[in-house]
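Q: Below is a structure I'd like to ask you about.
The values are calculated or read from the model by the stated rules, or taken from the named source; none is laboratory data. No experiment lies behind these values; they were computed from the predicted model shown. Cβ coordinates were reconstructed from backbone atoms using ideal geometry, including for glycine residues, and neighbour counts include every protein chain displayed. Calculation scope for accessible area: heavy atoms of the full protein, side chains included, ligands and nucleic acids excluded. Shrake-Rupley method; radii C 1.70, N 1.55, O 1.52, S 1.80 Å.
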Amino acid sequence: MMKPAISYLSVLLICLGAAPAHAAEEAQDPALRRQAADALARLAPQPLAKGNLPQPLVEVNRESADRRWVLGSATQPLPAMAGADADQVPLSRLFLAHQTDQGWRLALEGERDFAALLDAAPDGWLSADERRAWRSQTALAKRLAPDATGLGLPWQEGAAWSMTGGPHGYSGESQPYDSIDFAGGDGRVLAPQAGVIYKSCLRNGSGLVKLVHDNGYSSTYYHMINLNSMADGQRVAKGAYLGKIGNGLPCGGSTTGPHVHFSLIHQGKAEPVNRKWLGGWQFFSGNRAYQGYAARNGGRVNVGGRLTHYSGGDPAPTPGGASGVATPRGNDGYVNLRGGPSLSAEIVGSAARGEQVPLQCHARGEAVDGVWGRTDIWNRTAAGHWISDGFIDTGSNAPVVPQCPSSARPW
């Protein structure tokens, strides 16, 4: 499917540096603020749930014309401590809310009721890109490849940055260790995979930035400055500019020096980065926060070392494996990845045009009229998703990977 066109007026406003449409604004409804703050408080670990903290910040990122539907964010600001010896980031989540005769019905991303609200939201209020990305965040099925993320690293492919802080929590020692700190190169933070962008807590050119990908994962970024001017809810391509590393503390917290605090979320929950593949590296947590290392092909890089960003977010194909290049039909920008070998199976991700996709095995499934004609070959990717052989260039019209074990059908 093709990305929606950007209007001439939108391009003109961005070029002039104007504030983008749908910029987050603080919610004015006291009941909405209270309900969102209470939902966020249930996620906070005990050390942050106590003490004199600022009031939670509840913002509206998107509102329906009748103001009865809201896509917003709830953030717990922290005291600002620039130059501290630890990296602390405010807890923040997006939510959907619907005002009924009984009051606001609200659910945070990843909560069971979020899916019901998403299905009930008015037609046309959320774009097709948003709905697809958010539906992947509501899936309840167990992942087939728990170590794969489908994400690269948040800088240019082929360049090397430093891992300034190993796996840690969003507030340092808090569990799970869902975050890693990076700095280096030209300082330009880039999208590690395509996703829908949202910004919260915008202050002085800094803010909390979230990308909702369409494979169940979201990634978040803090401390950046000179943020891009993309509007909330717009799909950004892999490699799109997000901001520059910095010491930004728009909602408080602390920073040890200019860097980007990268965090991983899966279906609304903080996701441990231990054993996850990002940009060709597998990351491992240490015994304490900020320790750990990254490994690739038997090599190891400790904290402070440099990591080259390799193409593809997941492990390289195993010996005897293969890969292919995603080749959408016509002018489409990406190919849908499915939960099974059929066009009627759930969309669980996507592969951008030209993206190298590691393959694991193949099966015979629904016949598809692909780029090179009709085929019933389906390839299972290293991430456990399915792509028709009609939309991936493997260099052959025949299977290039072994048949998936019939005794353990993964669909």
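Q: Taking the convex hull of the alpha carbon atoms in segment 249-295, what volume per residue do you get, in Å³?
A: It comes to 124 Å³ per residue, whole-number rounded.
Q: For Ala41 and Arg68, FRET efficiency with R0 = 22 Å and r from the beta-carbon atoms, rounded to 0.05?
A: 0.35
Q: Select from Trp386, Trp277, Trp69 the residue whose mean-square fluctuation is largest in a Gaussian network model of the chain (Cα-Cα springs shorter than 10 Å).
A: In the Gaussian network model the winner is Trp69.
Q: Per the Kirkwood formula on distinct C-alpha pairs, the Rh of the chain is how many angstrom?
A: Values: mean 1/r = 0.0456 Å⁻¹.
Evaluated over the chain, this radius sits at 21.9 Å.
Q: Another question, then. Can you compute the helix-only [θ] at 222 nm over the chain? Use -39500 (n - 2.57) per DSSP H run of at least 4 residues, normalise by all residues, nearest 500 deg cm²/dmol.
A: Calculated from helices alone, the mean residue ellipticity at 222 nm is -3000 deg cm²/dmol.
Q: Follow-up. Given points 7 Å out from each Cα along the Cα-Cβ axis, report the Arg203 to Ala128 separation in nanometres with one decimal.
A: Simple spin-label model gives 4.0 nm for this pair.
Q: Under the 0.36 nm per residue contour assumption, what length would be gained going from the current alpha-carbon distance of Glu25 and Arg188 to full extension?
A: 56.0 nm
Q: Find how much the distance from Lys269 to Tyr241 grows on full extension, using 0.36 nm per residue of separation minus their present alpha carbon separation; answer in nm with one decimal.
A: Length difference between fully extended and current span is 7.6 nm.
Q: For the modelled label position 7 Å from the Cα of Ser311 along Cα-to-Cβ, which residues of segment 229-249 have backbone nitrogen atoms closer than 17 Å?
A: Backbone N within reach: 238-240.
Q: Once Rh is set to the Kirkwood radius over Cα pairs, what Stokes-Einstein translational diffusion coefficient, in µm²/s, holds for segment 179-245 at a temperature of 10 °C and a viscosity of 1.306 mPa s? Walk me through the intermediate numbers first.
A: On the way: Rh = 12.0 Å.
Once the numbers are plugged in, D ends up at 133 µm²/s.
Q: Roll a 1.4 Å probe over the protein chains and send me the accessible area per residue for the chain in Å².
A: On the way: 17760 Å² over 411 residues.
Per residue, the chain has 43 Å² of solvent-accessible surface.
Q: Give the long-range amide H neighbours of Ala240: residues separated by 5 or more places, or on another chain, with amide H under 5 Å away, using H modelled in the peptide plane at 1.01 Å from N.
A: Residues meeting the amide H criterion: Ala191.
Q: Okay, moving on. For segment 331-392, would you read off the P(r) tail past 15 Å as a percentage of all alpha carbon pairs?
A: Working: 809 of 1891 pairs.
Considering segment 331-392, 43 percent of its Cα-Cα pairs are separated by more than 15 Å.
Q: Using the Karplus curve 6.51 cos²θ - 1.76 cosθ + 1.60 with θ = phi - 60°, work out ³J(HN,Hα) for each residue of segment 107-124 in order, rounded to whole Hz, and write x for Gly and Pro.
A: 9, 6, 3, x, 6, 4, 6, 4, 5, 5, 5, 4, 5, 8, 4, x, 4, x
Q: Something else about it: Based on the Cβ-Cβ distance from Ser342 to Gln156, what FRET efficiency comes out when R0 is 35 Å, to the nearest 0.05?
A: Rounded to the nearest 0.05, the efficiency is 0.45.
Q: If you line up the long axis of helix 30-41 against the longest principal axis of the chain, both from Cα atoms, how many degrees apart are they, to the nearest 10?
A: Around 60 degrees separate the two axes.
Q: Sticking with this structure for a sec: What per residue convex hull volume, in Å³, comes out for segment 74-140 when only alpha-carbon positions are used?
A: 136 Å³
Q: Also, I was wondering about something else. Say we join alpha carbon atoms closer than 10 Å with springs in a Gaussian network model of the chain; which of Met224, Met163, Met81 then has the biggest fluctuation?
A: Result for the chain, Cα springs under 10 Å: Met81 fluctuates most.
Q: Follow-up question, since we're still on this one. Grab the Cα-Cα distance for Cys361 and Asn297, subtract it from 0.36 nm times how many residues apart they are, and report the gain in nm with one decimal.
A: Difference between extended and current length: 20.9 nm.
Q: Could I ask something else about it? With the cut-off at 1.5 for a/c, could you classify segment 144-269 from its C-alpha gyration tensor as rounded, prolate or oblate?
A: rounded
Q: Now a separate question. Kindly count the pairs of lysines across the chain whose alpha carbons are less than 22 Å apart, treating pairs on different chains or eight or more residues apart as eligible.
A: Lysine pairs meeting both conditions in the chain amount to 15.
Q: Further, regarding this structure: Could you please state how large a percent of the accessible area of the chain is carbon and sulfur, counting protein chains only and using a 1.4 Å probe?
A: Roughly 51 percent of what the probe reaches on the chain is carbon or sulfur.
Q: Here's another thing I want to ask about it. Mind pulling the per residue volume of the convex hull built on the Cα atoms of segment 162-207? Å³ is fine. It would help to have the intermediate numbers written out before the result.
A: On the way: hull volume 5.9 nm³, N = 46.
Expressed per residue, the convex hull around the Cα atoms of segment 162-207 is 128 Å³.
Q: With labels modelled as points extended 7 Å from the Cα through the Cβ direction, what inter-label distance (nm, one decimal) is found for Arg288 paired with Asp119?
A: Using points 7 Å along Cα→Cβ, the separation is 4.9 nm.
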